[in-house]
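The values are calculated or read from the model by the stated rules, or taken from the named source; none is laboratory data. Model, not experiment: these values are computed from the prediction. Here the Cβ positions follow ideal geometry from the backbone for every residue, glycine too, while neighbour counts run over all protein chains shown.
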Amino acid sequence: MRKPIAAGNWKMFKTAKEASKMISELKELVKGVSDREVVICPPFTALESAVNAAKGSNVKIGAQNLYWEEKGAFTGEIAPGMIKDLGCEYVIIGHSERRQYFGETDATVNKRTFSALKAGLKPIICVGETLQERESEKTFSVIETQIKGGLKGLSEEQMKDCVIAYEPVWAIGTGKTASKEQAQEVHAFIRKLLSDLFGKDTADAARILYGGSVKPDNVKDLMSQPDIDGGLVGGASLEAEPFSKIVKY
């Protein structure tokens, strides 16, 4: 059985103080939830506060990005070991906003994935097509290219520590959500692709999250699909009450 993950990506929101307050509220609301993982990914500046606030609870903390070198003259970047040292367990890699605004490519996703695994972090690797690509019926070729590029060279053992997040770019922050059928179709395609690359057992165990305007009122429909193993949640993860409803769908 795959253990679902409800992961909150806070993007560029919340100070350290605000993060501490929200996680303190959240951990009370999701106390006792043990059949799924709860992950919050705050900005770098709030990671330490978030880890401290989550101590002793079932809330895990992740970062939103990392650099692939362990140390060096890379002004403004954050090394995998620095994130791990704070007490983080997860890290988001290759989010569409990183691809769109900051030049992330499948090749850099691959480098970041290897560096995360080496540091003992679990990468949440994001893939997804734009509206133009979907309307041009390129969804599956885009996803295949991103999966093969991002996971290139990984062993079956390494893949076991990776999570995939399918995020249709046209549904992120737009209020639009892929229908449960659209999401399931792509998730099933990803799982088949993972089976071809890493073997059926590894693919069957891999957790594939859906991201793109996940809210309390649509999470149940999405999670009822056989290949959807949780959500990477944006706006609805910023407040404790709505996010706890997603966790406990």
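Observations on the structure shown:
- You will find that of SER115, SER96, the residue that is in contact with a Phe, Trp or Tyr (Cβ under 6 Å, 6 or more places away or on another chain), in contact (Cβ under 8 Å) with a residue 40 or more places away in the chain and of a type in the set (S, T, N, Q) is SER115 and no other.
- Residue within the stretch 191-202 that is closer than 23 Å to ILE246 by Cβ and surrounded by fewer than 20 Cβ atoms within 10 Å (Cβ to Cβ) present: yes
- Selection count, the stretch 107-147, where residues are more than 20 Å from ILE92 (Cβ to Cβ) and of a type outside the set (Phe, Trp, Tyr): 11
- Breaking point among (1) modelled with pLDDT of 95 or more; (2) farther than 21 Å from ARG99 by Cβ; (3) surrounded by fewer than 14 Cβ atoms within 10 Å (Cβ to Cβ), for ASP217: (1)
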